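What follows is a short report on a single structure.
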Amino acid sequence: MTDKNDILNNRLEFIAHHRDHRETLNGVDLFHSKVDYFKTAFLFNKNGIKKIPRSFELYLPEWLQIDHAILKKNGWEKTNSMIHMTWDNEPENWKINPDITISKIEHESRVEEFCKTQSRGFNGEDIDKDPCYPTMLASTLKNLSKSNHHFYLASLNGEPAGAIVLFFHEAGLGIYAVTTIEKFRKKGISTSLMKRALDEGKKANSAFITLQTMEGTYAEKFYETLGFTAAFHSDVFKQKTQ
């Protein structure tokens, strides 16, 4: 069984590559960003609670037994739970749409196309109103040439339709930012992207393949159909509104 700390560490290292900077304090890791949506904290013991700025979203891995009453006392309310999943190597029997093409983004000239596809998949068509787009663009450009990052774009009938980011760290492969533009959903875009991800993981002899999604979502059910199972949860907290 894959060590939970290895799974979590893949996510922490990925976030560190895609935020402004990482601040490690006693009991908490803070991942800073100019955009509030990307400000993230991972709590490791109760000593870190009072060091977390109000604008950050807080994650608490399930094996860290911190009483929720302590969090509530400090103004934190649980809003959701993130599921950290791993692929259990079940035989694949996926329906792949032959009209979908997957291309690896290797040159800066295609980064804008990739990031616009990400933005449209996550936030709709109006990229000008997406506060996350400039950060996604900057982080993709920063990490494009790194050998542990792979960026893939899915196209259907010549149109960009979906995107995925792969992050290799130590023994594991992390799958991140899987998205499909709304008008292309239910056409096999995400399945094709995930097939490419698993192929790359097996090619690299990855000891584990992991991803994260929120509990109770369509994505959770989708990943389960592909053979992913829950390894552990991280409860998600935000500060109470005044």
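The values are calculated or read from the model by the stated rules, or taken from the named source; none is laboratory data. Quantities reported herein were computed from a predicted structural model and do not represent experimental measurements. Cβ: placed from backbone, ideal geometry, glycine included. Neighbour counts: every protein chain shown. For the accessible areas, the whole protein counts, side chains as well, though only heavy atoms, and no ligand, DNA or RNA atoms are used. Shrake-Rupley method; radii C 1.70, N 1.55, O 1.52, S 1.80 Å.
Please state the charge dipole magnitude for segment 88-242, taken about the Cα centre, from unit charges on C-beta atoms (+1 on K and R, -1 on D and E), reported in debye and rounded to the nearest 20.
80
If the elastic network links every pair of Cα atoms under 10 Å, which of Gln212, Gln118, Gln65 fluctuates the most in the Gaussian network model of the chain?
With Cα springs under 10 Å in the chain, the top fluctuation among Gln212, Gln118, Gln65 is at Gln65.
Considering only the chain, what is the antiparallel percent among its DSSP beta bridges, to the nearest 5?
So the antiparallel bridges in the chain amount to around 90 percent.
Tabulate in residue order the Karplus-calculated ³J(HN,Hα) for segment 21-36, using 6.51 cos²θ - 1.76 cosθ + 1.60 with θ = phi - 60°, rounded to whole Hz; enter x for Gly and Pro.
Computed from phi, the couplings for segment 21-36 are 6, 10, 10, 9, 10, 5, x, 7, 10, 10, 10, 8, 8, 6, 9, 4 Hz.
Compute the long axis of helix 189-203 from its Cα atoms, compare it with the longest principal axis of the Cα atoms of the chain, and write down the angle in degrees, 0 to 90, nearest 10.
80
Cβ neighbours within 10 Å, averaged per peptide: list 27-36, 66-75, 162-171 in order, most packed at the top.
Answer by packing, highest mean first, reads 162-171, 27-36, 66-75.
Using only the Cα atoms of segment 123-242, build the gyration tensor, take square roots of its eigenvalues as a ≥ b ≥ c, and label the shape rounded, prolate or oblate: rounded if a/c is under 1.5, else prolate if a/b is larger than b/c, else oblate.
rounded
Based on the alpha-carbon gyration tensor of segment 56-186 and its eigenvalue square roots a ≥ b ≥ c, which shape applies: rounded if a/c is under 1.5, prolate if not and a/b is larger than b/c, or oblate?
Note, shape of segment 56-186 comes out prolate.
Under a plain spin-label model, where a point goes 7 Å from the Cα along Cα-to-Cβ, how far apart in nm are Thr24 and Thr241?
With each label placed 7 Å out from Cα toward Cβ, I get 3.7 nm.
Once a ≥ b ≥ c are taken as the square roots of the eigenvalues of the Cα gyration tensor of segment 164-230, is the result rounded (a/c under 1.5), prolate (a/b larger than b/c) or oblate (a/b not larger than b/c)?
Prolate is the answer for segment 164-230, as a/c is 1.5 or above and a/b outweighs b/c.
Measure off, as a whole percent, the carbon and sulfur share of the 1.4 Å-probe accessible area of segment 89-228, all protein chains present.
Answer for segment 89-228: carbon and sulfur cover 48 percent of the accessible area.
Mind telling me which of Thr180, Thr117, Thr101 comes out most flexible in a GNM of the chain, alpha-carbon contacts under 10 Å?
Result for the chain, Cα springs under 10 Å: Thr101 fluctuates most.
In square angstrom, what is the accessible area per residue of segment 1-144 with a 1.4 angstrom probe?
Value for segment 1-144: 56 Å² per residue.
Could you report the accessible area of Glu182 in Å², rounded to 10, computed with a 1.4 Å probe on the protein chains as they sit in the structure?
In the full protein context, Glu182 sits at about 130 Å².
For the chain, take the longest principal axis of its alpha carbons; what is the angle in degrees between that and the long axis of helix 111-123, to the nearest 10 within 0 to 90?
60
Starting from the exponent 0.38 and prefactor 2.2 Å, build the expected Rg for the chain from its residue count and divide its actual Cα Rg by it.
1.02
Per DSSP H run of at least 4 residues, take -39500 (n - 2.57); add these up for the chain, divide by its residues and hand me the 222 nm value, nearest 500 deg cm²/dmol.
Calculated mean residue ellipticity at 222 nm is -8500 deg cm²/dmol.
Work out the FRET efficiency for Lys50 and Leu141 from their Cβ-Cβ distance, taking R0 = 51 Å, and round it to the nearest 0.05.
0.90
How large is the Kirkwood hydrodynamic radius of segment 1-126, counting all unique pairs of alpha carbons, in Å?
Taking the inverse mean of 1/r over all distinct Cα pairs, segment 1-126 comes out at 17.8 Å.
Find the centroid of the Cα atoms in segment 98-177 and in segment 76-95, then give the distance between the two in whole Å.
One Cα centre to the other: 21 Å.
Any idea what angle helix 133-143 forms with the longest principal axis of the chain, computed on alpha-carbon atoms, 0 to 90 degrees, nearest 10?
Once rounded, the angle reads 80 degrees.
Which order do peptides 44-51, 191-198 fall in by mean Cβ count within 10 Å, highest first?
Most protected by this proxy first, the peptides run 191-198, 44-51.
Springs between alpha-carbon atoms under 10 Å, Gaussian network over the chain: tell me which of Arg110, Arg120, Arg11 tops the mean-square fluctuations.
Comparing Arg110, Arg120, Arg11 in a Gaussian network model of the chain, the most mobile one is Arg110.
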